[in-house]
Structure formats: structure tokens, C-alpha cells
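Worksheet for the structure shown next.
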Amino acid sequence: MTATVVHQDVHASLSGVTRIYPAAAGTQAVHALGPVDLDLKRGEFFAVVGPSGCGKSTLLEVLAGLQQPTAGTVTFEGRSVTGEVPDGIGVVFQEDASFPWLTVWDNAAFGLRRNGVAAAEIRRRVDDALAFMGLTEFARAYPAQLSGGMRQRVCISRTLVLQPHLILLD
């Protein structure tokens, strides 16, 4: 019998994580990440800083389950992260990923609707998130009518309303 011991304070963990992109025709493989050992604790604010191309986005994508590590293990709340974003992780990408055909309000509500959350709860969470992000007066605007920074705040709002346990901002 084997037992898995999860330290109560560890929220997410990477152990020996490496990511190597395979070689395409006429190119060499790219060692993009690792090996990385990292424990993220509950309530901790953690930043990864480095020059372009050093593996910051790859690290976040592996942690989120959007990419598989070439080697090593990734866990979130004691469960293995494999192949999809686990419940409880919110991801905001570098480039805004707002839906151009939806208003700011509907963009923020998208995930809640998809998850079948009750309409009154959607209204409360979306209105609260838009107020927090300073977007209340733009609730009926479309992304094309906003600055790049405002569009990114829409994407952050869409993540916040889901009340994730871990937010990854690329």
C-alpha cells in the first residue's frame, strides 16, 4: 500500500518538470523549461520574471494543464494535472481572449452560463466583478469599443466570476 501525503499548505506543485518541444524538419528540439521544482502555497502571490522566450508562459501552461510536461509531475490540490485545465484554476492569457460578438457583461458571464449557474447568481457575480475591475459603465460595450487594457480587464473579470482557487496571469 502506498500513501500520498499532501502538505496542507501546498496548493500546486511542480516536481522535476521539463518541457521540450520536439524538433520539426530541419530544426533542433527546443528545451523550453526545466527542470523546475516549485510549491505554491495557499494565499501566496508568486511572480515569474524573465526575458522573452525563457519559458514563463510554458510554465503557466504546464501548471494549468494546457501542455503536458516532457518529464516531471504537476499537481493541483493534491490531484495530478493532466491534459485539461482542472476545476479551480483560472487562466488569463497574454493576448485578450474576449469574444468580439459579446458585450463586456456577456463576456464576463460566459463561463458561469456554460456551467449552468443560476441567473441571479450570474448577475451578482458579474456586476461585482465589473465594478471591481472598473468596467461597470462599459457593461454594454463590445470589445472593439475598448482599449487593449480594458479588454484584458474583461478577461480578468471572466476569470474572477468563476471564483477559482488559483489564478494564472500570463
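The values are calculated or read from the model by the stated rules, or taken from the named source; none is laboratory data. Because the structure is predicted, anything quoted here is derived from the model rather than measured. All Cβ positions, glycine included, derive from the backbone under ideal geometry; neighbour counts span all protein chains shown.
If you scan the stretch 21-34, which residues turn out to be out of contact with any Lys or Arg (no Cβ under 8 Å at 6 or more places or on another chain) and surrounded by 15 or more Cβ atoms within 10 Å (Cβ to Cβ)? Correct list: Tyr21, Val30. Say we look at the stretch 23-54 and pick out the residues that are free of Cβ contacts under 8 Å to residues at least 24 places away in the same chain and among the β-branched types (Val, Ile, Thr); which of these is nearest to Phe76 (Cα to Cα)? So the residue we want is Val48.
The set of residues from the stretch 70-107 being of a type in the set (Ser, Thr, Tyr) and in contact with a strand residue (DSSP E or B) (Cβ under 6 Å, 6 or more places away or on another chain) comprises Thr70, Thr73, Thr75. Of these, Val36, Val17, Val5, Val48, which one is more than 15 Å from Ile89 (Cβ to Cβ), modelled with pLDDT of 90 or more and part of a loop (DSSP other than H, G, I, E, B)? Answer to the selection: Val48.
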